1. Take segment B:140-165 and flag every residue that is in contact with a Gly (Cβ under 9 Å, 6 or more places away or on another chain) and open to solvent by 40 Å² or more (accessible area, probe 1.4 Å).
2. If you take the residues in segment B:280-333 that are touching a Gly at 6+ places or on another chain (Cβ under 6 Å), part of a loop (DSSP other than H, G, I, E, B) and more than 16 Å from the ligand (Cβ to nearest atom), which one is nearest to the other protein chains (Cβ to nearest Cβ)?
3. What number goes with the only condition from (1) away from the ligand (no atom under 16 Å from the Cβ); (2) in a helix (DSSP H, G or I); (3) open to solvent by less than 10 Å² (accessible area, probe 1.4 Å); (4) not aromatic (Phe, Trp, Tyr) that B:LEU342 does not pass?
4. Residues B:SER547, B:SER555, B:SER507: which one is of a type in the set (S, T, N, Q), more than 14 Å from every other protein chain (Cβ to nearest Cβ) and more than 30 Å from B:GLY213 (Cβ to Cβ)?
5. Answer yes or no: is there a residue in segment B:206-219 that is hydrophobic (A, V, I, L, M, F, W, C), in a loop (DSSP other than H, G, I, E, B) and within 16 Å of the ligand (Cβ to nearest atom).
6. Taking the condition of being within 12 Å of the ligand (Cβ to nearest atom), closer than 13 Å to B:THR484 by Cα and of a type outside the set (Lys, Arg), how many residues in segment B:527-544 meet it?
7. Quick one: B:GLU72 ticks every box in (1) under 24 Å from B:LEU451 (Cα atoms); (2) without any contact (Cβ under 8 Å) to a residue 60 or more places away in the chain bar one, so which box is it?
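The values are calculated or read from the model by the stated rules, or taken from the named source; none is laboratory data. Computed from a predicted model, the values in this text were never measured in an experiment. Using ideal geometry, Cβ is built from the backbone for each residue, glycine included, and neighbour counts are taken over all protein chains shown. Surface areas here come from the heavy atoms of the whole protein model, side chains and all, with no ligands, DNA or RNA. Shrake-Rupley method; radii C 1.70, N 1.55, O 1.52, S 1.80 Å.
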Amino acid sequence: MSITVRLPTTLQTSGQDSLTITEPVENIAELVRVLRRQLPGFPAQWDDSMLNFSVNDEVVLHRAEERVLASGDVVEIILALSGGTPVPRSAC
Amino acid sequence: MLPYGLVTIEDRVARLLTELPPNPQFPTQGATLFVDLARRQVRQAYTPRRIIETFLAGRGANMFYLYRLLDESLDPIDPSVPLIFGSGVLTGIVPSAARGNATSWSPESGVLMDSNAGDYFPSFLKMNGIDHLVIYGRADAWTVLWLGDGQVEFRDATPYLGLDNIDMRDRIATDLGGTWTRDLAMANITRAGENQVLTSAIMAGPKACYARGGPGAKMGSLKMKAIVVQGQTHDFETAQPYKQYNKEIATKLLNTSVVKNALRTMGTPFLYRPSRVLGAMGTKNNQETTWTDRLDAENITPYRPGMAGCFRCPVNCRPLNQLNDDQADRYGRGDGPEYVTLGKFGPNVGIDQVEPVIRLNNICNDLGLDTASTGSAIAWAMELYQRGIVSKSDTGGLELTWGDAELVERLLFAMSHREGFGNVLADSTRAIERGHYPTEARKYCMAVKGLMQSDPHDARILKAFALGLAVSTRGMDHLRNRVTLEINARINDDPGFKAKLYGGPVSAQPNNYETKERAVRVCENIYGVGDAVGMCRFTTKLFNSPSLPGLEEFSSQIANVTGLEFDADVLDRIGLNIMGVERLINHRLGVRRSDDTLPDRWFDEEITVGAYKTEKIDRQEFDAMLSRFYAISGLSDEGVPAEAWRQELELVLSGPA
Ligand code: SF4
């Protein structure tokens, strides 16, 4: 399993503009759980509802967490509008 | 009401003045000055309490003055059609409430003109005791209106004629001995305004401007070169202490992550990337919808020496730029670009490098051109040329080739001077009516109600965006009602949270037509109130974030500042009223349901890239969505307030019998 995650500047804290996830992840919900652990700054921005995902250059604007991922996918984290109040969510 | 066409503007003003109170109606209320440029007369009164209670100030009360003084039998540039400036109830008092509106009958679109600007001018007006300026009559000679120390002077503008923004600001500061941001603010036109270029702005700072609908042309028609406000900044005497709550508002602003991580660091250009990756970036006059990553905000960073901001706004969202160290290069540095300019002078005209976009931005700021309408007018002409509808014989030999930045630069100067093909571009959406283009050109004009689209986002995918652009009272403009949070998956995927934001369920699917009218209605109300209090759109709840200051915060601070009580529901109703009176004005100007529509291209042509490939606007679905929007907005089938509400509004607007 290898998923490339491209990072926005707000998450490039260690100077890298992307990272590779090798843990098995089936969908974006699982990817989020991995990123929470591996990517400093991600939890705060995610909880602030500031981030969107695109998968292989296609933005996912709803049912994002269900979006299935496959090895070789390139996921981009995109700064979305909004942020400031944690969106009251149960998942992730 | 007086019959239109039979009485003069002087009669109308005289009649109105008999109804207006001579004293402030609440602490901090500024006066309304009626300025007759032809007679060099100034009269003063205050906006009545019933108007404040129905529309507040700023954009809201501006509509009252326009409704009462407009004679629709005239032409928009007739000097008897007033140009009205208004600052909000909280302008200059609350952090990020730095804004004011300029209102009239648009010479560009032919419908309502209502344009919003920040920087320092609206706050300085308010601090000098003026909430509204109602200006009419053509001056005998070009005039600078000078305001300060409670005085109004009509000064000779001859020495400033022909000056564009950079020189104008230098000369005024030198001649009057003031310092910008400290004791001097100005709203001025450039050569484009003098020449009544329909995309000309009234500049309110190095970049900030009243841009949309041709305010510069309107001001030029009155022979008024500038309004200068001189005086020290100061605090206000308010009904109750307000500074502690200001601190809370400022904290809220600065803690909002979109402010912290994007607006304060990159400014609005960060929006380019989400639109382009979505496949919704208007490209080559919206023939295409995605463009290069070379224009992503990160690529502007090396040219950004710092950020600037408006009066007492802690956000400082305005990126400055520096292209080189050559002091002789007039356009080597400046203020901007914003996302709109990036889109309009990047993908929309086929330019794929950051440097020329920045340079064109700096030129537009100097020439006093609305980058939205100007970039769109050029893109429209380029597509007409591409299709052979316009040829070299029409353009004076110019080849209107996509991506030719040098050509675009030449066109900007030609527009500003109304020279050659620039004269055609200077007529913007009116180019067909004025005989420059054949009628088949209309099919490719990306405008609604005569106004080119404000921002580069192609709204074929997000149906709430599309509805907003169609129903916006000033024409095709996202700043009136955009449900921006539709582009946020986390909010879309949380139905409970989304329903709470919009007062009821709104479909999670961005490309679904169902229930989107609800979100547009809520946004239009809150943004209308934002304009009436003077709050910046970027920092108003729902535009960039669900957690920025909204009706609750406005309500608390209006009470502290003015002593007037408006709860959130009343404010929401005021937002609706503002839309209502704007629709009444537009109806008098001939606007009907059929004008609440979108460019043909969005109905007829599909998006060809990205996750939403094949998306377009379905005419029947759109029409049904529009009907639902009218129904929840209390509008008739023709898009004006339904009978009972119309009578209510007319009673308030018409004043004592
Ligand atoms: S957020 Fe930006 S544009 Fe708005 S008032 Fe503040 S500095 Fe001005």
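1. Listed by number, the residues that qualify are B:ASP149, B:GLY150.
2. If we take residues in segment B:280-333 being touching a Gly at 6+ places or on another chain (Cβ under 6 Å), part of a loop (DSSP other than H, G, I, E, B) and more than 16 Å from the ligand (Cβ to nearest atom), then B:THR290 is nearest to the other protein chains (Cβ to nearest Cβ).
3. So the condition that B:LEU342 fails would be (1).
4. B:SER555
5. yes
6. Number of matching residues: 5.
7. (2)
Yes/no matrix, rows are residues, columns are (1) surrounded by fewer than 14 Cβ atoms within 10 Å (Cβ to Cβ); (2) not hydroxyl-bearing (Ser, Thr, Tyr):
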position: B:ASP293; (1), (2): yes, yes
position: B:GLU298; (1), (2): no, yes
position: B:PRO302; (1), (2): yes, yes
position: B:GLY306; (1), (2): yes, yes
position: B:ARG318; (1), (2): no, yes
position: B:GLN322; (1), (2): no, yes
position: B:ASP326; (1), (2): yes, yes
position: B:TYR331; (1), (2): no, no
